[in-house]
Each structure stands twice: as C-alpha cells, then as structure tokens.
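Undergrad: Handing you this structure, nothing more for now.
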Amino acid sequence: MTSPLDHVAEIAALLAATDIDCLELTGPAGHLRLRRGGEPEVTAGGTGDEPLSEDETVAMPSPGFGIFLRVHPLHEMPLVRSGDSVAAGQVLGFLKIGPLLIPVPAPRDGVVSDIVAHDGTLVGFGDTLFRFSPQP
Amino acid sequence: MTAAEPRVSLLGTSALLFEAPGETDLRTQRRIWSLAREAETWPEVCEAVPGVNNLLVSFTKPPRRLSGLTERLAMAWQAAEPLPLAGRIFELPVVYGGDGGPHMADVVAHTKLSVDEIVAIHSEPVYPVYALGSHPGYCYLGGMDPRIATPRRKVPIVRLPGGAVSIGGAQTGVSASDGPSGWNTIGTTSMRFFDVTLDPPALLQPGDGIVFKVAGIIR
Amino acid sequence: MIEILSQTALATVQDIGRFGALRWGVGTAGAMDRMALVCGNLLLGNEEGAAAIEAQVFPFELRFDADCAFALTGADCAATLDGVPLPPWSAAKTRSGAVLRLGLPVSGKWRGARAYLCVAGGIDVPIALGSRSTQLRGAIGGLEGRALKQGDRLPLVPSIAGSPGPLEIGLVPPALAMPLEVDGCAAVRVLPAAEYDCFTQASRDALWSASWKITPQSDRYGFRLAGPNLEPLAPMEMRSHGIVPGVIQVPHGGQPIVQMCDAQPSGGYPKIGTVIEADLWRLGQAPIGSSVRFIETDWDGALAAGDETRNWLAEVRRLLDLYRTRSLGR
C-alpha cells in the first residue's frame, strides 16, 4: 500500500508548481497537510474513513492530488456520465497538476454508477472520484 | 534605395538584415563577403549570409540588447576590405525562349528590345555569383545589363522548373530545382547545382563566375 | 517500424528544423508547430527536437510494427488506437500491429491544422545537413526528401539507455495555457520590418486592424492572406536578401504572404513585418479559411513572448521530471 507520506518531497515540489496554498490528504495511513510557506503536519493513524460499498459499487480513489477534470480542456463534453458502460483502461477523467494532465483510467470493464468528485475541484490522494460497478 | 549609411532592420527575433549603402556593384559585394566572414566568428551569430548588397545575420539566440551587435556590424563594415574573387568560371548552355522561356514576351514588352537583342545582351557578360539563396544551390548573379531589367511578376509562379534562366528586376539567375518564383523566365539550362551528399553541397559559392552560352533560340 | 496506411497522406517527417544551411540556399524546414513537437518529445523522454510525423491531411492512418510508446500533439484529430479513443496531447503505449487513426481536426475550444506523432526515440531517417526535417524543394532530409505515401515504412531510433522514458500522461495544450486572441480571433505578434514605413498610413493601420483570412493557397511554404490591399507609398524594387520564417512579404498585388517553415531563405518582395519566432507555432496551426490578427510588438515585447513560451516549457519539463521520479518510486 502506498501512502502520500512516502512522497512528501515530490508532492510538495509539484504543489509549488500550482497556485494551491494548502493541500490536505487523508488516507488509510493518516492525514497530511501541506501549506505553502509552512511546515508539514502529519497525524499518524488511520482515519476510519474507509470507502463503504453501496450495493455492488466500489469507490475509485484518486491516484494522486490535482484538479479533477471530467472534461478534457480541449473538449466540451465530459468523458463519462453516470450510467455509462466503460472498458478497462478507458479514461474517465484527469487530474491536472499545472500543465500536466494525469489520466484516471477505469480499473476494469464496468459501469460508472456515480461521479463523486466535482469538476474543477482540488482532490487529494485517495479521495473518491467515482463509484463504479465492475462487470461480473 | 541609396543612403550614405548602412541600414540595419529586424527580421523578427531570429535575424537582422544589414543593407549596405549605395548601388549594387562588385566592390560593395566583395566587402559584404568580407563582412560575412567576420560576423560569423561572433558568438551571438549563427549564420551571416550574403544577399545582394546586404547581409542576413541570424542569431544563435536573440540578444537582450541589439545595439551592441548593430554597432559591431557598423564598425566591421567600416573596416571591411573587398574579398577577392574565387576565380572559378562555369559555362552554362542556355536555350532561350519557347516553352523553356515562357516570359520572354513579357521581357520584350517591357524592354522594347527584340528577342535576339535580349539574348545577345544576356549572354554577353561573365556574371559573378553575388550570393546563394532562394532555394538549395541557387545563385544570385551580379552584372546584368540594366537594359534588360524587368520587374518581378505581380503574381508569383507556383511551379517554375529547375534550370529556368530568369530575370527579376535588375538581377538574373538560374533556378536549381522546381519551385515557386516571381521572376520572368527567358530560357532553360541543364546543370546540377546542388548535391546534399557533397561537402559543400552547393556547386557554386560567392565569388565564382557564370557564363551563359547560347545553345539555341526559340522565337 | 511505422507503416503509413493512408493513400494521400501529405505528411512529412519533421524535427525542430535545419539551422546553419542558409548559406547554401537551404531553409530551416522543421515542424510548423514546434511547441507541439517539443511537448510530444518531452512526454516520451526524447530529445526535445527529435523527428516526428507531421500530418496535415486527414484522415491519416498508420500501423505500428513494434511495441512502442508514442505521443500525439497538435491538432485534436479524435485519434483512435485500434478503435479505442485516445485523449489529445497525450502519450500512450502500443502493441505491434495496432492501427492509429487520426480523423478530421475537431472544432472544440481550439482547432488546429497539423497533428504530430512523436515516438519514443524518434523517427529514424538519415540526418541531412544537421537535421532529419523534410525539405521538399531540393529533396533534402525526411524520407527520400519527399512527403510520406502509402506503404512507406519508417524506422524508429532505439531509445538510448538511461533516457528518462515515456509517461502515459497528457499536457494542457499551449494554445489553451497561453491563449492569444484579439476580438475572438487567433492572433500573433509582429515586429515591423524594413519596409514598414514605405507603406501608406492606411495600409499600416489595416495591418493591425484587419482580420486576415488564410486562403487555400497556404501551405508549409507560406500563408497567402486575404484582406485589404497593402499599398506602398511608391513602387519598390528590392534587392534579394535573406529572409526567415515569419516574414510578411507584400508582393505587387498588395495581398500579404507570411513565409512559413519551408519558405525559401531569401526573397525580394517588400517586408512589412515579421511574425515573431515565439508565435510562429500559433500561426502554423491556423487552419485554412480561418482568420488571424496581427498585434504590433517591439523588441522587448518579442523577447518577453519568447521568455513566456520558454518558461512554460521549462515548467513542463520540471514537472514531468518530478512526476517521473514519483512514478518510479511506486
């Protein structure tokens, strides 16, 4: 299991590229707050905030931090809508870090049951982006 | 376009153009070659390429302040001594008029001379190669008789064949490969001017000479 | 290897351009959108100027005959790999045998005219006079000095050991990151050139205020523009002199021509201005039939524009390096 704590230096450097002043990341391993010009704060221990399964859906966590985009910057239409069937590897959204666009691919074939994260908002490592019903 | 002082103008951020004062003549042109040799030794200069009575100076990277470079050019121009001619003469057989010289009639109309007179005047001199440019291996020649000068065409020709002998304003030249041109084509020749596998790839260089030999006239 | 499947591709191999051969009459050639070329190569961990395929007629199809990584930048052509859509301005890995298809450029928030396919390592054609760029006139560089055609097979440069390696991510297109428009019309900055003052005041005003339509007689050699006639104060007969891509010539007819990457390295028409080097990529992507506006700038303004694009690319490079170390750490 990877934790944001393993990557504080890189995350801080990436963060410096953006106009983000403060980043809070919550994951199983703990809670991390990075503030521009400040010291990192780390709270050890799990948060008990594990994604719960509703019906047959699973939470798709964000693979990193960034601005969540449902729409490619060149396009008008979102990549997927709730209820769309998607194939493994299909790009469902992007995380934008400065000029970089990190694709968020579907983990396997299935249906996007809910889009949890809002377009254009900052998401942290492990934040739920989508809920997803894997195809049996 | 005569001015007592050389003129320097910008070609965007990638180069500047140095224009020598006075009329086009061989002595000025030999000083341009000399200036090119000097300018190419400067670290901020990528290439110094002679034109006709002028010099393009391209930048390795655009200087923050232009004044240093322009002042150096002006000083180097003052000091530039005419570079000697290379002394190589190339003879080119030319068929004037006909399909290979589709604009002969325009030159006749502009100059009020006959085809024979134009051919006689055009094939008379040894033309010094003033500069290379336009397209790979192409030479701008000096020394054309002003009586056959004809303005460039209002609308450029999209595809002029290689080997076309043409007149543009007070200049003459031979195209080295097919391509667009705004010049008036009066004849055609077969000669290979450029081979990328050779070093240098261009057959001719500034200071060489060309003679046009009349191989035929199609009236 | 890459095999070209399209019949009339009009695509060419281009790198960052050929410099230092003006003395032999050889122009720079190179990618019309250098930003797109560099971005694609950065995503792949290639040398920034590595050779790529520039496609300008669509649809365009090719097949990869080896497992490799590639990046698509430039015009968004709703690309698919074996039928699976690919995001624009991004890198991906492919298996040998997969078919890449570029459709017509999409009119989204930005419409380009030329697409770039970079591959890990770069396209391997012989280097001619210091560059792999195709110079059609004189048949120099590229694949036999000509445009690509159906059945052509292009070898790839083996990736150098220790090269950063590809990242399967994308970039925000520079046209969105550094937009430049006037009244909703794509714009480029122009430095007045030697004969600027030799045109009538009305013509000089028109240069800055008119929107200039890119006519169908526009290609890699030059963009012939349609707009108000630019009239000289008196007829000018110029002596031949060196020119560079971006120079705006005004032939006797009065309709300007912007010299582009395959432009001849010298000319004799009066020059009213030059599109600055930092904005040439914007013009290189302007589709036929669209219009552009010219913005007057000065030396410092032009240098600042160059700094802006350079700094943006430096930031991309820096963040990609960071992201690479982070991905490798996982």
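The values are calculated or read from the model by the stated rules, or taken from the named source; none is laboratory data. Since the model is a prediction, treat every value here as computed from it, not as a measurement. Positions of Cβ are backbone-derived with ideal geometry, glycine not excepted, and every protein chain shown enters the neighbour counts. With ligands, DNA and RNA removed, areas are computed over all heavy atoms of the protein, side chains included. Shrake-Rupley method; radii C 1.70, N 1.55, O 1.52, S 1.80 Å.
Undergrad: Hey, could you check segment C:101-129 for residues that are away from chain A (no Cβ under 11 Å) and among the charged types (D, E, K, R) and say which is nearest to C:F60 (Cα to Cα)?
TA: C:R101
Undergrad: Here's something else I'd like to know. With the checklist (1) in a loop (DSSP other than H, G, I, E, B); (2) open to solvent by less than 60 Å² (accessible area, probe 1.4 Å); (3) of a type outside the set (K, R); (4) within 25 Å of C:G268 (Cα to Cα) in hand, flag the one item B:P63 doesn't pass.
TA: It is condition (4) that B:P63 fails.
Undergrad: Here's something else I'd like to know. Got a number for residues in segment C:28-65 being in a strand (DSSP E or B) and touching a Lys or Arg at 6+ places or on another chain (Cβ under 8 Å)?
TA: Number of matching residues: 5.
Undergrad: Answer yes or no: is there a residue in segment C:171-180 that is closer than 21 Å to C:V38 by Cα, touching a strand residue (DSSP E or B) at 6+ places or on another chain (Cβ under 7 Å) and either at the interface with chain B (Cβ under 9 Å from one of its Cβ atoms) or surrounded by fewer than 24 Cβ atoms within 10 Å (Cβ to Cβ) (or both). Even if it seems obvious, please write down each step before you answer.
TA: Filtering segment C:171-180 for residues closer than 21 Å to C:V38 by Cα gives C:171-180.
In the following step, the residues that additionally are touching a strand residue (DSSP E or B) at 6+ places or on another chain (Cβ under 7 Å) were identified as C:171-172, C:180.
With either at the interface with chain B (Cβ under 9 Å from one of its Cβ atoms) or surrounded by fewer than 24 Cβ atoms within 10 Å (Cβ to Cβ) (or both) added as a condition, the list becomes C:172, C:180.
For segment C:171-180, residues closer than 21 Å to C:V38 by Cα, touching a strand residue (DSSP E or B) at 6+ places or on another chain (Cβ under 7 Å) and either at the interface with chain B (Cβ under 9 Å from one of its Cβ atoms) or surrounded by fewer than 24 Cβ atoms within 10 Å (Cβ to Cβ) (or both): present.
Undergrad: Given the options B:L113, B:L92, B:L83, name the one that is assigned to a strand (DSSP E or B) and either open to solvent by 20 Å² or more (accessible area, probe 1.4 Å) or not polar (S, T, N, Q) (or both).
TA: Being assigned to a strand (DSSP E or B) and either open to solvent by 20 Å² or more (accessible area, probe 1.4 Å) or not polar (S, T, N, Q) (or both) holds for just one of B:L113, B:L92, B:L83, which is B:L92.
Undergrad: Looking at B:A131, is it farther than 25 Å from B:L85 by Cα and open to solvent by less than 40 Å² (accessible area, probe 1.4 Å)?
TA: No.
Undergrad: Farther than 21 Å from A:A87 by Cβ and open to solvent by 20 Å² or more (accessible area, probe 1.4 Å): is that true of C:E54 in this structure? Step through it out loud before you land on a result.
TA: Working: farther than 21 Å from A:A87 by Cβ: yes; open to solvent by 20 Å² or more (accessible area, probe 1.4 Å): no.
Spelling it out, it is not the case that C:E54 is farther than 21 Å from A:A87 by Cβ and open to solvent by 20 Å² or more (accessible area, probe 1.4 Å).
Undergrad: Say whether the condition of being touching a Lys or Arg at 6+ places or on another chain (Cβ under 7 Å) and outside the structural domain of B:W183 (by TED's automatic domain parsing) is met by at least one residue in segment B:64-75. It would help to see each step written out before you state the result.
TA: Residues of segment B:64-75 touching a Lys or Arg at 6+ places or on another chain (Cβ under 7 Å): none.
No, there is no match, as no residue in segment B:64-75 is touching a Lys or Arg at 6+ places or on another chain (Cβ under 7 Å) and outside the structural domain of B:W183 (by TED's automatic domain parsing).
Undergrad: Now for a different question. List every residue pair whose Cβ atoms sit under 6 Å apart, with the two residues 6 or more apart in sequence or on different chains, where the first one lies in segment B:9-36 and is more than 10 Å from chain C (Cβ to nearest Cβ) and open to solvent by less than 20 Å² (accessible area, probe 1.4 Å) and the second, anywhere, is assigned to a strand (DSSP E or B) and not hydrophobic (A, V, I, L, M, F, W, C).
TA: Listed by first residue and then by second, the contacts come to B:Q29/B:Y130; B:I32/B:P50; B:W33/B:P50.
Undergrad: Scan segment C:23-48 for residues that are open to solvent by 10 Å² or more (accessible area, probe 1.4 Å), out of contact with any helix residue (DSSP H, G or I) (no Cβ under 7 Å at 6 or more places or on another chain) and closer than 24 Å to C:D262 by Cα and jot them down.
TA: C:R23, C:W24, C:T28
Undergrad: While we're looking at this one, here's another question. Residue check: is C:P245 buried (at least 23 other Cβ atoms within 10 Å of the Cβ) and touching a His at 6+ places or on another chain (Cβ under 9 Å)?
TA: No, not satisfied.
Undergrad: From the list C:L86, C:L62, C:L129, C:L136, which residue is open to solvent by less than 10 Å² (accessible area, probe 1.4 Å) and over 15 Å from the mean Cα position of the chain (by Cα)?
TA: One residue alone meets the criteria, C:L62.
Undergrad: Still on this structure, I have one more. Whether any residue in segment B:158-172 is at positive phi and within 12 Å of chain C (Cβ to nearest Cβ) is what I want to check.
TA: Yes - at least one qualifying residue is present in segment B:158-172.
Undergrad: Based on what the data block shows, is C:S133 of a type in the set (S, T, Y) and either closer than 27 Å to C:P265 by Cβ or in contact (Cβ under 8 Å) with a residue 24 or more places away in the chain (or both)? Step through it out loud before you land on a result.
TA: Values: of a type in the set (S, T, Y): yes; either closer than 27 Å to C:P265 by Cβ or in contact (Cβ under 8 Å) with a residue 24 or more places away in the chain (or both): yes.
So C:S133 fits the description; yes.
Undergrad: If we scan segment C:156-168, do we find a residue that is in contact with a strand residue (DSSP E or B) (Cβ under 9 Å, 6 or more places away or on another chain), in a helix (DSSP H, G or I) and at the interface with another protein chain (Cβ under 10 Å from one of its Cβ atoms)?
TA: There is no residue in segment C:156-168 that is in contact with a strand residue (DSSP E or B) (Cβ under 9 Å, 6 or more places away or on another chain), in a helix (DSSP H, G or I) and at the interface with another protein chain (Cβ under 10 Å from one of its Cβ atoms).
Undergrad: Identify all residues within segment C:68-109 that are of a type outside the set (A, V, I, L, M), within 16 Å of C:G170 (Cα to Cα) and assigned to a loop (DSSP other than H, G, I, E, B); write none if there are none.
TA: Across segment C:68-109, the qualifying residues are C:D76, C:C77, C:P87, C:P88, C:W89.
Yes/no per residue for (1) farther than 26 Å from C:C77 by Cβ; (2) at pLDDT below 95; (3) touching an Asp or Glu at 6+ places or on another chain (Cβ under 6 Å); (4) open to solvent by 30 Å² or more (accessible area, probe 1.4 Å):
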position	(1), (2), (3), (4)
A:F65	yes, yes, no, no
A:R70	no, no, yes, yes
A:M77	no, yes, no, yes
A:Q90	no, yes, no, yes
A:P107	yes, yes, no, yes
A:P134	yes, yes, no, yes
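Undergrad: Filter segment B:145-167 for residues that are among the charged types (D, E, K, R) and free of Cβ contacts under 8 Å to residues at least 24 places away in the same chain and give the result.
TA: Within segment B:145-167, B:K154, B:R159 meet the criteria.
Undergrad: Further question on the same structure: Among the numbered criteria (1) facing chain C (nearest Cβ under 10 Å); (2) not in a loop (DSSP other than H, G, I, E, B), which one does B:A176 miss?
TA: (2)
Undergrad: Just one of (1) open to solvent by 20 Å² or more (accessible area, probe 1.4 Å); (2) under 24 Å from B:D208 (Cα atoms) trips up B:G68, so point out which.
TA: It fails just one condition, (2).
Undergrad: Do we have B:R147 as open to solvent by 60 Å² or more (accessible area, probe 1.4 Å), modelled with pLDDT of 95 or more and more than 14 Å from every other protein chain (Cβ to nearest Cβ) here?
TA: Values: open to solvent by 60 Å² or more (accessible area, probe 1.4 Å): yes; modelled with pLDDT of 95 or more: yes; more than 14 Å from every other protein chain (Cβ to nearest Cβ): yes.
So B:R147 passes the test.
Undergrad: Any idea which residue in segment C:7-22 is farthest from the chain's Cα centre (by Cα), counting only those that are open to solvent by 10 Å² or more (accessible area, probe 1.4 Å) and of a type outside the set (A, V, I, L, M, F, W, C)?
TA: Top of the filtered list is C:Q7.
Undergrad: From the list B:R37, B:R30, which one is under 17 Å from the mean Cα position of the chain (by Cα), under 18 Å from B:D208 (Cα atoms) and either part of a strand (DSSP E or B) or outside the structural domain of B:Y138 (by TED's automatic domain parsing) (or both)?
TA: So the residue among B:R37, B:R30 that is under 17 Å from the mean Cα position of the chain (by Cα), under 18 Å from B:D208 (Cα atoms) and either part of a strand (DSSP E or B) or outside the structural domain of B:Y138 (by TED's automatic domain parsing) (or both) is B:R30.
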